[in-house]
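First up is the structure itself, then whatever we jot down about it.
The values are calculated or read from the model by the stated rules, or taken from the named source; none is laboratory data. Owing to the predicted nature of the structure, the values given are computational and were not obtained by experimental measurement. We place every Cβ from the backbone using ideal geometry, glycine too, and count neighbours over all the protein chains shown. Areas reflect the complete protein model, heavy atoms only, side chains present, ligands, DNA and RNA absent. Shrake-Rupley method; radii C 1.70, N 1.55, O 1.52, S 1.80 Å.
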Amino acid sequence: PLLASGLPLGVSSGNHDVGAISSYHPKGVNALDSELVYDYFWDYLGEDVFKDFPHYGESFQNNRSHYDLLTVDGHPFLILYLGWGSSFPYLHVSSQDIAWAKAVLDAHPDYTVILATHEYLRANGTRTPTGEKVFSELVKEYGNVKFVFSGHLNGSAKLIDYLDDDGDGIADRRVLQLLTNFQEEEDLYG
């Protein structure tokens, strides 16, 4: 129904989507790229499902990561979705997804970027090791990244960073980072 509505929609894959859960794989969320199974994700949420939508940009490895382009009141937005993967244990965005994301950001410097990734913040408002990697390699490095949305860990939290992009000692941008995950909160329809 969401796809049929014609509203812009993108997805960010998570550990439950690619077999990185303890009931499926003994390493659970720390399974490495070579151990993940994207087949079902590709069948139901791969590039073929989204490629004909006017907002769809392009993808990395059949929508494992992808981006959308939208214009709202004349302002261009790029929504960048980083897929679940791991080059190293305990990091859940792989170096190949980061490298692809850098190429996308380099090609779209005039867009305001909203970054969506499965894991980034903890419920206490601090970044996970994965969040720190994404923050240091993408958020801090690209001045047009203004928002980061994540889930994975139960609860909700916010973190706002003020970044000095030109090194003059004055913050040039504010980055709003949010965690929202109600999957185990019955009173919140989880």
If the Cβ limit is 6 Å and pairs must be 6+ apart or interchain, which residue in region 14-31 that is farther than 22 Å from H66 by Cα pairs with which residue that is modelled with pLDDT of 80 or more and crowded, with 19+ Cβ neighbours inside 10 Å? I21/N15; H25/G19; H25/A31
Any idea which of (1) under 26 Å from G74 (Cβ atoms); (2) charged (D, E, K, R); (3) open to solvent by less than 60 Å² (accessible area, probe 1.4 Å) is the one D166 doesn't satisfy? (3)
Taking region 44-73 on its own, how many of its residues are assigned to a strand (DSSP E or B), under 17 Å from A116 (Cβ atoms) and open to solvent by 60 Å² or more (accessible area, probe 1.4 Å)? 2
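Identify all residues within region 145-163 that are in contact (Cβ under 8 Å) with a residue 40 or more places away in the chain and open to solvent by less than 30 Å² (accessible area, probe 1.4 Å); write none if there are none. First the steps, then the outcome.
Step one: of region 145-163, the residues in contact (Cβ under 8 Å) with a residue 40 or more places away in the chain are 145, 151-152.
Listed by number, the residues that qualify are V145, G151.
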Unique residue being surrounded by fewer than 23 Cβ atoms within 10 Å (Cβ to Cβ), among the polar types (S, T, N, Q) and not in a strand (DSSP E or B) when the list is S86, S136: S136
